[in-house]
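Colleague: Have a look at this one.
The values are calculated or read from the model by the stated rules, or taken from the named source; none is laboratory data. Just so it is clear, the structure is predicted and the values come from calculations on it, not from any experiment. Here the Cβ positions follow ideal geometry from the backbone for every residue, glycine too, while neighbour counts run over all protein chains shown. The area values use the complete protein model at the heavy-atom level, side chains included, leaving out ligands, DNA and RNA. Shrake-Rupley method; radii C 1.70, N 1.55, O 1.52, S 1.80 Å.
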Amino acid sequence: NADYDAVLARASGETQAEARNSDYNKAEQILADQAPIAPIYQYTNGRLIKPWVKGYPINNPEDVAYSRELWIEKH
């Protein structure tokens, strides 16, 4: 993007911190508007849990399981 390059070139030659920060903010905004970011990977953890183990929080977004909340059913 020519506008992005021009703003960065102007910022690199700027001697005043406030003006340089303003230019970098403009460049960052151009980058945010022009370069879409799409997550292509999501972290996952595989779990093998026996059917008689109960109380495991399958849908816990923090992936925290406390043994005090687990129990084993008679099988």
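Colleague: Round to a whole number: what % of the accessible area of the chain belongs to carbon and sulfur, probe 1.4 Å?
Modeller: For the chain, the apolar C and S fraction of the accessible surface comes to 52 percent.
Colleague: A further question on this structure: Roughly speaking, what is the stretch gain from Ser22 to Tyr56, that is 0.36 nm per residue apart minus the C-alpha to C-alpha distance, in nm to one decimal?
Modeller: 7.2 nm
Colleague: Chymotrypsin sites (Phe, Trp or Tyr not before Pro) within region 1-60: which are DSSP loop residues with at most 13 other Cβ atoms inside 10 Å?
Modeller: Tyr41, Tyr43, Trp52
Colleague: Same structure, new question: Among Val53, Tyr43, Tyr24, flag the residue with its Cα farthest along the positive direction of the charge dipole of the chain, charges on Cβ as +1 for Lys/Arg and -1 for Asp/Glu.
Modeller: Val53
Colleague: Moving to a separate point now. Run the numbers on the chain and let me know its relative contact order in percent, using alpha-carbon pairs under 8 Å that are six or more apart.
Modeller: Normalised by residue count, the contact order of the chain is 21 percent.
Colleague: Can you work out the Karplus-derived ³J(HN,Hα) for every residue in region 60-68? Use 6.51 cos²θ - 1.76 cosθ + 1.60 with θ = phi - 60°, whole Hz, and x for glycine or proline.
Modeller: Listing the rounded values in order: 6, x, 8, 6, 10, 10, 9, 5, 5 Hz.
Colleague: With labels modelled as points extended 7 Å from the Cα through the Cβ direction, what inter-label distance (nm, one decimal) is found for Asn1 paired with Glu69?
Modeller: My value for the distance between the label points is 4.4 nm.
Colleague: Related question: Per-residue HN-Hα couplings for region 16-23, Karplus 6.51 cos²θ - 1.76 cosθ + 1.60 at θ = phi - 60°, whole Hz, x for Gly and Pro?
Modeller: 8, 4, 5, 5, 5, 5, 4, 5
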